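Novice: Please see the structure below; I have some questions.
The values are calculated or read from the model by the stated rules, or taken from the named source; none is laboratory data. As the structure is a computational prediction, the values presented were derived from the model and not from experiment. For neighbour counting, all protein chains shown are included, and Cβ atoms are generated from backbone atoms with ideal geometry for every residue, glycine included.
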Amino acid sequence: MILNSISKSVLLMGFVTLVAMQGAAHAGERSESVYDCTASNGAMQDCAQQELDRQDALLQQSFRKLTGGLSKDKSFMGQSIRSRIVNAQQVWEKYREATCDVAGIGSWGGSGEGLLIIECKTDMAIERIEYLHRLPVNF
């Protein structure tokens with residue numbers, strides 16, 4: 001059990017290092033960090049949080065772009081299309097919170113717990129951005 005947590009932490013540190021070195025800046029991709037994300041656990045968490053903040057901003061931008069042009073009048077089966085999308089996003093946000101809280105269990109109480117949760121949220125934000133981009137926008 002302890003070896004499993006240590007292995008996950010080592011793999012996560014390597015992943016964060018790789019992410020910091022890649023430098024992707026497009027929506028739904030990870031960006032390059034401006035400082036050494038491997039200097040300490042705190043630095044790794046700071047870098048991961050910056051990336052989560054960036055992905056969340058891109059997610060909000062994608063969501064606003066999708067819903068901004070939708071009429072509140074167009075409906076499908078008695079509910080406006082816009083309200084369905086807004087509702088789905090709100091439910092997804094709760095799902096992400098619950099899912100990623102569980103992702104930290106592998107390092108529960110340890111320094112890697114927060115990093116696992118942040119990485120989970122980042123991965124799910126990237127997936128959600130890609131999903132929103134696939135939705136038809138011409139209702």
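Novice: Scan region 117-139 and report the pairs whose first residue is closer than 19 Å to Gly104 by Cβ and among the charged types (D, E, K, R) and whose second residue is in a helix (DSSP H, G or I) and at pLDDT 95 or above, with Cβ atoms within less than 7 Å and a gap of 6+ or a chain change.
Specialist: Lys121/Leu52; Lys121/Arg96; Lys121/Cys100
Novice: Being modelled with pLDDT under 55 and surrounded by 16 or more Cβ atoms within 10 Å (Cβ to Cβ) narrows it down to one residue among Leu12, Leu3; which is it?
Specialist: Leu12
Novice: Applying the selection to region 39-53, what residues are part of a helix (DSSP H, G or I), more than 9 Å from the chain's Cα centre (by Cα) and over 10 Å from Glu119 (Cα atoms)?
Specialist: Listed by number, the residues that qualify are Asn41, Gly42, Ala43, Met44, Asp46, Cys47, Gln50.
Novice: Being over 20 Å from Leu59 (Cα atoms) and part of a helix (DSSP H, G or I) is the filter here, so list the residues in region 90-114 that pass it.
Specialist: Scanning region 90-114 gives Val102, Ala103, Gly104, Ile105, Gly106, Ser107, Glu113, Gly114.
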